[in-house]
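These notes concern the structure reproduced below.
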Amino acid sequence: PIASFAQKRLWFIEQLYGPGNYNIPIILPLHFAVSEVGFRQALNLLVERHEILRTSYEEYQGELVQIVNPKSNIIINYSDISTLS
């Protein structure tokens with residue numbers, strides 16, 4: 001599928017200025033235990049259900065197109081930062 005106008009705009013800006021701050025990572029403190037297996041399973045189900053989370057973009061014959069990637073198993077790297085101040 002051809003990318004939307006908004007997707008083309010973001011891609012164009014990235015081509016001009018390099019990677020931007022469209023995605024802003026944050027750390028949220030959790031005050032309860034989280035099952036690593038359960039979290040990974042939930043995230044994989046979310047990505048499986050929503051194609052946009054598996055979509056990348058490429059230029060093809062001068063047009064920006066969406067590439068919907070096949071379902072895959074997400075690998076999550078965990079870090080315990082509880083000792084950091």
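Across region 61-71, coupling constants 3J(HN,Hα) worked out from phi with the 6.51/-1.76/1.60 Karplus curve, θ = phi - 60°, read 6, x, 10, 7, 10, 8, 10, 8, 7, x, 4 Hz, and Gly and Pro carry x.
Taking the 1.4 Å solvent-accessible surface of the chain as the whole, the part contributed by carbon and sulfur is 58%. Karplus-based coupling profile of region 42-53, in residue order and whole Hz: 5, 5, 5, 5, 4, 5, 5, 6, 10, 4, 4, 6, with θ = phi - 60° in 6.51 cos²θ - 1.76 cosθ + 1.60 and x standing for Gly or Pro. The trypsin sites (Lys or Arg not before Pro) found in region 35-85 that occupy coil by DSSP, while having at most 12 further C-beta atoms within 10 Å, are 71.
Computed over the Cα atoms of the chain, pair by distinct pair, the Kirkwood hydrodynamic radius stands at 16.0 angstrom. Measuring only protein heavy atoms, the 1.4 Å probe finds residue 55 accessible over about 30 Å².
Here the Gaussian network model covers the chain, with springs between Cα atoms less than 10 Å apart; of 69, 44, 23, 23 fluctuates the most.
Computed with a 1.4 Å probe over protein heavy atoms only, the accessible area of residue 78 comes to about 100 Å².
The values are calculated or read from the model by the stated rules, or taken from the named source; none is laboratory data. As the structure is a computational prediction, the values presented were derived from the model and not from experiment. Because the Cβ atoms are built from the backbone with ideal geometry, glycine has one as well, and the counts that use them run over all protein chains shown. Protein only, heavy atoms only, side chains kept; ligands, DNA and RNA dropped before computing areas. Shrake-Rupley method; radii C 1.70, N 1.55, O 1.52, S 1.80 Å.
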